[in-house]
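My structure is below; once you've seen it, I'll send some questions.
Quick note: the coordinates plus some simple rules give every number you see, no bench work behind them. No experiment lies behind these values; they were computed from the predicted model shown. FYI the Cβ positions are ideal-geometry reconstructions off the backbone, even for glycines, and counts take in every protein chain you see.
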Amino acid sequence: MKNFEQRVFSGVQPTGTLHLGNYLGAIKNFVELQNKYNCVYCVVDQHAITVEQNPAELKSNILEVLASFIAAGVDYKKQIIFQQSSVPAHSQLAWVFNCVSRIGWLNRMTQFKDKAGKNKENVSVGLMVYPNLMAADILAYLATHVPVGDDQKQHLELSRDIAQKFNNDFGVDFFPLPEPLIYGNATRVMSLRDGTKKMSKSDPSDFSRILLTDEDDIIVSKIKKAKSDSELIPSSLDDLEAKPECLNLINILSASLNQEASKTLGQYAGKEYSTLKKDLAECLVQVISPIRVEIKNLLNNQDELNAILATGTEKASLIANPILEDVYKIVGFK
Ligand code: TYM
């Protein structure tokens, strides 16, 4: 396999206000990686419509995700941030991949099975071929590294399978096999109400998640009400395994402080949850409040946000269009 120029790509769906899981699992890493790589970060609006969206809300969510990237520290001047639907190469490459990827592969995707549930015959075709579009997002830039949370791991494996099959089918060494970057203590931030469920935008309980736009007092009360138990905090990570809610709080604090979970546990072992929660709430207020303030400021200037998106579209197209041209030649369209 040839030596591909290293490039990072990742995407976030504009399906609602971003939460602590999105931040600690993905966006915080986006910010770190920009010191080392050329990065392309995308607001994936085409993924969002695989389930029903209110058009007016979708439109405002696109700007809110963009504002969240910038407020969290993504450098839009040095890196590329843009909106997926504004670069048609994504859907054009996705069509080619629809013809490379196999139905059997898509049928195995656990996220599809979870989202479709018993309703498999009645969900959109888009929801099923969603991972093919995701592969197109990444490979339209020949990206080599993809920072994501743990829930996207299987989709990333499928992207690698698609890249490999395309290369084999056409006898080329054209696409890199993108590597997932899933790291840190918060690869899977869990619900504050149920430590066995992922923190997600769609959970009916507002108290299950902390939003990047939550006011300080809301953050404090959500952490105070987070599920824990009446015993003292255990001293070993093994004992923590049986206490998913406690493990989650320790992991969130460790990720926010950039320190190992074992170190955090050492600081709280034998203490009451109220002590841990008090410190965690203070820490999260420090992390989130500057982001919240900046999101609000940015959203007050929508013309500027739209200008940033337009520049991003131009820069992204300059990379993706020639790659699509080459794909069209490889498959025999040109
Ligand atoms: P999305 O929009 O659901 O989530 C955005 C990012 O946040 C991560 N994440 C979490 N990390 C830790 N704990 C959680 N509870 C948690 N919830 C979400 C996700 O793993 C993700 O990294 N399919 C993708 C978007 C996408 C994409 C791409 C990603 C489209 N094309 C190409 C990478 C490359 C998604 O739905 O993410």
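Please identify the chymotrypsin sites (Phe, Trp or Tyr not before Pro) of segment 263-334 that satisfy two criteria: DSSP loop assignment and at most 11 other Cβ atoms within 10 Å. Which are they?
When the chymotrypsin sites (Phe, Trp or Tyr not before Pro) of segment 263-334 are filtered for loop state and at most 11 Cβ neighbours within 10 Å, F333 remain.
With a Förster radius of 35 Å, plug the Cβ-Cβ distance of D75 and A242 into 1/(1 + (r/R0)^6) and report the FRET value to the nearest 0.05.
The pair D75/A242 has a calculated efficiency of 0.25.
What dipole magnitude, in Debye to the nearest 20, does segment 206-296 give about its Cα centre under +1 on Lys/Arg Cβ and -1 on Asp/Glu Cβ?
Charge dipole, segment 206-296, about its Cα centre: 180 debye, nearest 20.
Sticking with this structure for a sec: Determine, for each peptide in 151-164, 198-211, the mean count of other beta carbons within 10 angstrom over its residues, then list the peptides with the highest first.
Top to bottom by mean Cβ count within 10 Å: 151-164, 198-211.
Something else now. Please list, by residue number, every one of the trypsin sites (Lys or Arg not before Pro) in segment 238-322 that is coil in DSSP and has at most 12 other beta-carbon atoms within 10 Å.
When the trypsin sites (Lys or Arg not before Pro) of segment 238-322 are filtered for loop state and at most 12 Cβ neighbours within 10 Å, K271 remain.
Continuing with this model, one more query. Using the alpha-carbon atoms, what tilt in degrees (0 to 90, nearest 10) does helix 244-257 show relative to the longest principal axis of the chain?
Roughly 70 degrees between the two axes.
Moving on. Roughly what angle does helix 302-331 make with the longest principal axis of the chain, taking Cα atoms, 0 to 90 degrees, to the nearest 10?
Helix 302-331 sits roughly 50 degrees off the main axis of the chain.
Continuing with this model, one more query. If one computes the Cα centroid of segment 270-288 and of segment 1-62, what distance in Å separates the two points?
Answer, in whole Å: 28.
Please name which of T275, V293, I218 has its Cα lying farthest along the dipole of segment 206-296 towards the positive end, using unit charges on Cβ (Lys, Arg +1; Asp, Glu -1) and the Cα centre as origin.
V293
Follow-up. For segment 147-281, I need the span (max minus min coordinate) of the C-alpha atoms along each principal axis, in Å, sorted largest to smallest.
61, 32, 23
Can you tell me the 0 to 90 degree angle between the C-alpha axis of helix 89-98 and the longest principal axis of the chain, rounded to 10?
Roughly 80 degrees, rounded to the nearest 10.
Segment 190-258: which GluC sites (Glu not before Pro) are DSSP loop and have at most 13 other beta-carbon atoms within 10 angstrom?
E215, E231
Can you give the direction-averaged projected area of the convex hull of the alpha-carbon atoms in the chain, in nm²?
The orientation-averaged projected area of the Cα hull of the chain comes to 17.8 nm².
If you don't mind, there's one more thing I want to ask. Taking the square root of 5 times each eigenvalue of the Cα gyration tensor, what semi-axes in Å does the equivalent ellipsoid of segment 206-296 have, largest first?
Value: 24, 14, 10 Å, ordered largest first.
Let me ask you something else. Per-residue counts of other Cβ atoms within 10 Å, averaged by peptide: what ranking do you get for 165-174, 2-11, 90-99, highest first?
Highest mean packing first, the order is 90-99, 2-11, 165-174.
About its Cα centre, how strong a charge dipole does the chain have in debye, to the nearest 20, once Lys and Arg get +1 and Asp and Glu get -1 at the Cβ?
The calculation lands at about 440 debye.
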